[in-house]
1. From the phi of every residue in the stretch 178-187, what ³J(HN,Hα) in whole Hz does the Karplus formula 6.51 cos²θ - 1.76 cosθ + 1.60 yield, where θ is phi - 60° and glycine or proline is x?
2. What are the residues whose amide H is under 5 Å from the amide H of residue 35, where those residues sit 5 or more places off or on another chain and H is modelled from the backbone?
3. How about the stretch 27-80: which trypsin sites (Lys or Arg not before Pro) there are in a DSSP loop, with at most 16 other Cβ atoms within 10 Å of their Cβ?
4. Short version: ³J(HN,Hα) in whole Hz for each residue of the stretch 107-115, in order, from phi by Karplus 6.51 cos²θ - 1.76 cosθ + 1.60 (θ = phi - 60°), x for Gly and Pro, what are they?
5. Take the cross-link list 14/311; 14/365; 311/365 and give me the ones stretching past 27 Å between alpha-carbons.
6. Give me the extension gain from residue 262 to residue 366: residue separation times 0.36 nm, minus the current Cα-Cα distance, reported in nm with one decimal.
7. Can you compute the charge dipole magnitude of the stretch 21-139 about its Cα centre, using +1 on each Lys and Arg Cβ and -1 on each Asp and Glu Cβ, nothing else charged? Give it in debye, rounded to the nearest 20.
8. Could you pull out the trypsin sites (Lys or Arg not before Pro) across the stretch 263-343 that fall in loop regions by DSSP (anything but H, G, I, E, B) with no more than 15 other Cβ atoms inside 10 Å?
Amino acid sequence: MKILVINCGSSSLKYQLIDMNDESVIAKGLCERIGIAGSMLTHSPAGKGKVVIEKDMPNHQVAIELVMAALQDADHGVIKSTDEISAIGHRVLHGGMKFYKSIVVNEEVKEVIRECFDLGPLHNPANLMGIEACEAAMPGKPNVAVFDTAFGMNMPAKAYKYAIPEEYYEKYSIRRYGFHGTSHNFVSGEAIKFAGLDPENAKVIVCHLGNGASISASIGGKCVDTSMGLTPLEGLIMGTRSGDLDPAVLQFIMNKEGLDVNQMLNILNKKSGVLGMSGVSSDFRDVGKAADEGNERAAVALDAYFYRVIKYIGAYAAAMNGVDAIAFTAGVGENDKAGRKRICESLTYLGVEIDDEANDIRGEKRIISTPNSKVKVMLLPTNEELAIARDTLALVK
Ligand code: ADP
């Protein structure tokens, strides 16, 4: 059975065709600059060189048609016809208060995705366009929506409620949702299996440290708390996002600089984080290099970044009254061994003991704590596409 996984952004579309017999990727690719001049499709069939197709893509519908043509192409194609595709799994950012898990798309599901446009203004419209483009290109095939917010919907009220007047929760569903849910769900589940922990009761902290970064606490794979909130702005310091901050800072800066709320939010989302603090880059490698070369602001930005992660791990260990495993994932979590060591060295009070030799690794599943460590610490590469494909398969089988 083959599942097509689609992840649409406002001007991009990523895809993977996965053979669910062995969970191998048959082909993957990316459409860029959809709706903008100079659009192109990069198609990578497994075991063959990648192909770049430069063609006008005025909308997602045309992009999907080009993807389907690339998948069936005589030279670089991997299937004979779309009949070989059993279902399509879509990453959808926001499911609002309705969806606690993935679901087969029907008109009602599309309506909810539409209702959530103001909660996910950049992603939800694109996600819906992707679904409708697949419906048009492959009529009758099941489409499954996999929500980035679904994992966080299992949080208890004490974790998801903001301490603001209740009417805003009732009128507008203002609460903490959490994001990167597909990744946190996948990595926490894999961590339990990999470390041989109790599937019902294991207390796991997942540190998803990429350009966007978030951290979650879960018991038996069910989310207890997670660091992103109503939007992905809350929580950890990120590449360009501020993470947690006193809301009065907004009022102060807006008054002094004569900014409106959209300009202010743009600064907090796109110009803050390690980029804003260091003035160097949003890329952690650049900031690390600058810090190593003596750039004080870059060093402080990284200090603050790791300090925030360490604080959240402490808070989540407290929230669960203990922790059995800590898993690192995403760009920084999977590649930055010095960063992992730096975090773990502040967790000795939890009984964490890191094994330097085991930690000398990138992008590979491995336990990086010593056998004596009271907490199993591991590196676990995330795989959101596979998680989406598995959910899709489970719903259409
Ligand atoms: P996103 O999906 O949120 O864009 P990724 O998970 O792809 O982010 O992570 C990208 C980040 O990972 C970049 O900031 C990059 O600098 C960082 N990264 C990759 N390799 C390393 C490394 N060896 N050391 C530190 N950071 C790294």
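1. Each residue's phi maps through the Karplus curve to give x, 10, 6, x, 4, 5, 4, 5, 4, 5 Hz.
2. Under 5 Å from the amide H of residue 35: 57, 59.
3. Values: sites: 28, 33, 48, 50, 55, 80; in loops: 33, 48, 50, 55, 80.
Within the stretch 27-80, the qualifying trypsin sites (Lys or Arg not before Pro) (loop, at most 16 other Cβ atoms within 10 Å) are 33, 48, 50, 55, 80.
4. Using θ = phi - 60°, the values come out as 4, 5, 5, 5, 5, 5, 4, 5, 4 Hz.
5. 14/311
6. On the way: separation 104, 0.36 × 104 = 37.44 nm, distance 4.28 nm.
Using 0.36 nm per residue and subtracting the Cα-Cα distance, I get 33.2 nm.
7. On the way: 11 positive and 17 negative charges, 67 e Å.
Dipole size: approximately 320 debye.
8. Numbers: sites: 270, 271, 285, 289, 297, 308, 311, 337, 340, 341, 342; in loops: 271.
Hits after loop and neighbour filter: 271.
Every number in this text was worked out from the coordinates using simple rules, so none of it is lab data. These numbers were taken from a predicted model, which means no experiment stands behind them. We place every Cβ from the backbone using ideal geometry, glycine too, and count neighbours over all the protein chains shown.
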